[in-house]
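**Q** Once you've had a glance at the structure underneath, I'll fire off some questions.
Nothing in this text is a laboratory measurement; each read-out follows from the coordinates by a stated rule. These numbers were taken from a predicted model, which means no experiment stands behind them. Glycine gets a Cβ as well: all are built from the backbone with ideal geometry, and neighbour counts include every protein chain shown.
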Amino acid sequence: MPDMRFAPPNPLRIADRASGLNAVSVRGYNERLVLSLLLQSKDITRLEIGERTGLSAQTVSVIVRSLEQEGLIAKGEAQRGRVGPPTVPLSLNPEGAYSVGISVGHRQVEVVLVDFVGSIRSRTVLPFSTARQDTNHPQFMSAIAKAIADLPQHLHARIAGIGLALPGDQAELELTPMAARERFDALQEEVEREIGYPVYVQNDITAAAGGESMFGVAKHLSDYLFFYLGARLHSRLILNHQIYNTAAAVSFDVGILRLEDEIKRSGGSPSELWERGADWPSFGEAETAWQRELVEQMKSSIGALKQFVPLASVVLSSYAPQSVCKAICRELEQAMPGISAIAGNIERSPKAVGAASLPFSSRFMVE
């Protein structure tokens, strides 16, 4: 079965809550279909929408007019061709909707505010205390409130909700401070009660895969194997845009924690490994050996799935520097001819941005 993309509450429409929005809009399948298409294809015309959706020209015009009135889409400059009237490209309006995404990791919590096209508008990182019984919960709630406050007041009505990405892998759960783990079951209800927006909860790896599919390099891929490189290595299988938690989608102990151990063993200092957005220095043979082991594990996973699924594409997402991810992808392609390996382009906060995609998926997009 596909992973759930979001959990209760039931999907709500932004029009149900937002002042100034038309409550009859953004509710039908066709509206969601057009928004989903615009998310994947920037600057397309009404004619192209009709060709790709099968909707009549009149239906497309009605939908586009409605979504434009809602402020969810915007017109570009008219383009004059050789014949016929000028065409007007359409795209999502970045300020049409916003979402807060939260990722709870084993060392820190990340809170981001993203716009309708996935650009990060604000970002806060809260490190966990080294004491297992300490909690950063008050600061956690303050960080969510601050992310919302970073928006001008008149745009608060356009916040679609809050996405919460929580670790599901038992090995990584055990790395998370106990005081944080004990709050997980009540976290959705607490945030909804204190912050006042609907909260959508998802496994963090599935959320990261969804974010890469909605906003990242996987936008145009319908079938691929998704790897997430964090403390451990995780995978998800995506078929026809649906995320599956297969038997092969287990975590492997070849992630950044393994590299940290190897660097320490060789007498180096691995402090830069956990800094989002920081370039890594050369870690020498420890890093080289780790990359080889990592690629071998990825090869093994791909080989196992290729017996049943004709895989041709792999996406590697991580908060590790993109130069590192691209080097891993090159090595994987050399080791597996016929496989296209692509480094994700949601840098620094892929899980948090993936969490922020959940309210958008639930309220605006075709599932």
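**Q** Suppose each label sits 7 Å from its Cα in the direction of the beta carbon; what would the Asp185-Ser300 distance come out to in nanometres?
**A** Spacing of the two 7 Å Cα→Cβ label points: 3.5 nm.
**Q** Excluding residues fewer than 8 places away in the same chain, name every one of the aspartates and glutamates whose C-alpha is closer than 13 Å to that of Lys264.
**A** Reachable aspartates and glutamates: Glu272, Glu285, Glu287.
**Q** What does the highest-first list of 264-272, 91-99, 214-222 look like by mean Cβ count within 10 Å?
**A** Working: 264-272: 12.3, 91-99: 21.7, 214-222: 18.6.
Result, highest mean first: 91-99, 214-222, 264-272.
**Q** While we're here: Around Thr45, which amide H atoms from residues at least 5 apart in sequence, or from another chain, sit under 5 Å from its own amide H, with H modelled in the peptide plane?
**A** HN-HN under 5 Å from Thr45: Leu90.
**Q** In whole Hz, what ³J(HN,Hα) sequence does region 306-315 give by Karplus (6.51, -1.76, 1.60; θ = phi - 60°), x for Gly and Pro?
**A** 5, 5, 10, 10, x, 6, 10, 10, 10, 10
**Q** While we're here: Would you mind pulling out the separation of the Cα centroids of region 270-322 and region 31-102, in Å?
**A** Cα centres, region 270-322 to region 31-102: 37 Å.
**Q** Follow-up question, since we're still on this one. Return the lysines within reach of Lys299: Cα separation strictly under 22 angstrom, same-chain partners fewer than 8 residues apart disregarded; answer none if there are no such residues.
**A** Lys326
**Q** Short version: ³J(HN,Hα) in whole Hz for each residue of region 267-280, in order, from phi by Karplus 6.51 cos²θ - 1.76 cosθ + 1.60 (θ = phi - 60°), x for Gly and Pro, what are they?
**A** Running phi through 6.51 cos²θ - 1.76 cosθ + 1.60 with θ = phi - 60° gives x, x, 10, x, 4, 6, 4, 9, 8, 5, x, 8, 6, 8 Hz.
**Q** Mind checking the full-extension length gain between Thr288 and Ser323? Use 0.36 nm per residue of separation minus the Cα-Cα distance, one decimal, nm.
**A** Full extension of this stretch gives 11.2 nm more.
**Q** List every residue whose amide H lies under 5 Å from the amide H of Phe128, counting only residues 5 or more places away in sequence or on a different chain, with H placed 1.01 Å from N in the peptide plane.
**A** Gln108, Val109
**Q** In terms of Cα to Cα distance under 18 Å, which lysines are near enough to Lys351, apart from those fewer than 8 places away along the same chain?
**A** Straight-distance partners of Lys351: Lys219.
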